[in-house]
Amino acid sequence: MSPPPADPDVLEPLPGMGSGSGEKGLKGNALGLFSSVAIGLASTAPAYSLAATLGIIVAGVGLQAPIITIMGFVPMLLIAIAYKELNAVDPDCGTTFTWAARAFGPRTGWMGGWGIIIADVIVMANLAQIAGSYGFQLIGKPGLSSNTLWTTLAGVLWIIVMTAICYVGIEVSATLQRWLLCVEVAMLVVLSVTALVKVYGSNAPHSSIHIAGSWFNPFDVTSTSAFTAGILSAVFIYWGWDTAVSVNEETADKERTPGRAAVMSTVLLLLIYALVSTSAQAFAGVGTTGNGLGNPDNSGDVLSGLGNAIFGTVGFGAFMSKLLIFMVLTSAAASTQTTILPTARTSFSMALHKAIPSHFGRVHRRFLTPTWSTVAMGLVSIAFYVLLTRISTNVLSDSIASVGLGIAFYYGLTGFACAWYFRRVLRRSARDLWMKGILPGLGGLMLLYFFCYAAFDVYADPSYGHTTISLPFIGRTGGVSVIGVGSLVLGVVLMLIQWAVSGSWFRDPDVPKGDAVSDGVAGSV
């Protein structure tokens with residue numbers, strides 16, 4: 001898949017390259033607001049995220065799952081505001097990498113970029129697994145969906161296809177996202193409305209319960225650790241909207257449209273998740289048997305079982321159940337594709353700023369997309385996925401749980417970067433104080449708290465997750481914590497290696513540390 005260095009269609013980006021190219025050689029003005037919102041929503045994979053996470057949240061907090069799902073929106077909105085404000089003055093596709101470097105220096109910026117990359121690589125493994133499993137269910141081969149070898153092969157093929165789509169152009173990717181997203185959202189709404197109609201009908205399922213105000217009272221969650229773990233899981237289902245900002249250099253009105261799309265995406269996600277979590281809980285209840293959302297056998301996928309129960313298994317109902325499976329499959333497809341997009345553009349930006357090898361900064365002459373960065377993301381994802389499935393599916397499960405730590409790290413860092421970068425203009429107006437300082441900073445603090453509490457308490461508990469690892473001087477530690485924190489420590493090691501091999505980014509970065517006043521952008525925001 002890797003493009004040869006001598007490929008005449010692949011070259012280093014140059015200013016003004018091609019009639020539609022931006023300053024880095026990417027295809028400028030390719031996306032409008034609707035496409036950007038579609039990419040932001042599709043990146044979160046609403047159907048897949050709910051299928052994989054809702055059961056876990058219910059197992060931890062019980063009937064309060066809807067309010068926990070809603071509360072996950074709060075830090076996401078605050079960080080989306082930070083993205084919007086920073087993108088307005090520096091619409092760089094490196095996002096957190098570039099912005100953290102401007103606020104705190106090149107080493108912090110490098111780690112921000114690594115946070116994006118490692119979180120995306122980890123989640124790609126689970127997306128591939130879901131795609132492989134649901135693909136076989138869709139064609140009526142449930143036996144193959146539980147076969148590790150066949151699901152791994154299908155997952156690898158899935159990554160290859162999605163990587164190829166991202167390689168041939170951002171417009172192709174955006175068009176596919178719009179269609180996939182429309183099917184996905186429509187099916188989630190139909191599922192939710194049908195469930196509520198049955199709950200309040202004359203023949204309500206025996207497990208159903210009517211919606212109650214206590215479901216939306218977070219103080220009814222009795223355990224702090226369960227509350228924290230639930231919020232981190234909820235953060236995971238909102239994660240991905242920042243893809244709309246990572247393609248900023250390929251967007252029309254790149255200073256305004258990506259930020260607006262990010263905020264709009266988080267609000268739309270709130271509405272979708274509130275509706276689905278509430279209706280699913282009302283229909284299935286939180287029991288630990290049958291279709292109950294608390295059933296551990298369903299925790300990794302609550303939607304496929306609910307589909308049969310809500311729509312039925314004969315006639316049109318069977319068709320709708322199959323369509324629901326197809327929807328989760330397309331959700332994983334959309335998220336796979338839009339997970340490749342931000343990672344490829346982050347590494348592309350890092351390469352152009354000489355923070356990683358320059359080969360990752362190559363652009364295809366005709367498609368105007370990052371070549372080495374896109375292909376490398378696909379290859380690394382395949383290698384990581386195959387490695388984890390060879391080791392143990394338990395390790396794969398814990399790696400997915402650990403991705404919340406990577407998300408909290410780079411999202412929180414972006415919030416702090418916004419507040420610090422604009423610190424000298426915060427007294428200029430009430431809007432500046434709140435939108436550039438207090439709200440992004442509060443979002444960063446919230447995510448810092450959740451990161452620390454989860455990494456060193458909840459996830460570190462040997463009884464949490466599926467694996468435990470014995471660490472020197474520490475003892476038995478939960479595998480989720482080891483994988484999450486260890487992946488960030490690996491980034492520090494790789495940064496030191498890059499610093500030693502080619503340290504120009506660290507010694508003399510072309511994105512100098514400063515603030516809105518010293519960079520001369522205070523008057524433009």
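The values are calculated or read from the model by the stated rules, or taken from the named source; none is laboratory data. If you're wondering where the values come from, they're calculated on a predicted model, not measured in any experiment. FYI the Cβ positions are ideal-geometry reconstructions off the backbone, even for glycines, and counts take in every protein chain you see. For the accessible areas, the whole protein counts, side chains as well, though only heavy atoms, and no ligand, DNA or RNA atoms are used. Shrake-Rupley method; radii C 1.70, N 1.55, O 1.52, S 1.80 Å.
Here are a few things to note about the model shown:
- Here the extension length gained between ILE474 and ASP297 equals 60.5 nm, from 0.36 nm per residue of separation less the Cα-Cα distance.
- Solution diffusion estimate, µm²/s, Stokes-Einstein, segment 396-519, Kirkwood Rh from C-alpha pairs, 20 °C, viscosity 1.002 mPa s: 128
- Inter-probe distance in nm under a simple model that places probes 7 Å from Cα toward Cβ, at THR148 and ALA204: 4.4
- Summed over all non-identical Cα pairs, the Kirkwood treatment of the chain gives a radius of 23.2 Å.
- Per-residue packing, averaged as other Cβ atoms within 10 Å, sorts the ranges 422-430, 200-208 into the order 422-430, 200-208, beginning with the highest.
- Using the average count of surrounding beta-carbon atoms within 10 Å as a protection proxy, the listed peptides 285-295, 406-416, 362-372 rank, highest first, as 406-416, 362-372, 285-295.
- Helical segments meeting 27 Å axial Cα length and Kyte-Doolittle 0.0 threshold in the chain (DSSP H): 106-138, 148-167, 170-199, 257-284, 315-352, 372-391, 393-421, 479-501
- Near LYS27, the amide H atoms lying under 5 Å from its own belong to GLY22; only residues 5 or more places off or on other chains count, and H is placed 1.01 Å from N.
- Packing-based ranking, highest mean first, of 471-478, 326-333 given that Cβ atoms within 10 Å are counted: 326-333, 471-478
- Residues with amide H under 5 Å from that of ARG365, placed H, sequence gap 5 or more: VAL10, LEU11
- Projected label distance in nm at TRP434 and LEU490, using a 7 Å step from Cα toward the beta-carbon: 4.2
- Taken about its Cα centre, segment 356-435 carries a charge dipole of about 520 debye when Lys and Arg each add +1 at the Cβ and Asp and Glu each add -1 at the Cβ.
- Full extension of the chain between ARG423 and THR194 yields a length gain of 77.5 nm, computed as 0.36 nm times the residue separation minus the alpha carbon distance.
- Percent carbon-and-sulfur accessible area, the chain, ignoring ligands, DNA and RNA, probe 1.4 Å: 66
- Projected label distance in nm at ALA252 and LEU138, using a 7 Å step from Cα toward the beta-carbon: 3.1
- Farthest positive-ward along segment 288-382 dipole, Cα basis, beta-carbon charges - from LEU352, ILE325, GLY378: LEU352
- Of interest is the spacing of the C-alpha centroids, which for segment 386-449 and segment 470-525 amounts to 14 Å.
- The mean sequence distance of close C-alpha pairs (under 8 Å, at least 6 residues apart), as a share of the length of the chain, puts its relative contact order at 29 percent.
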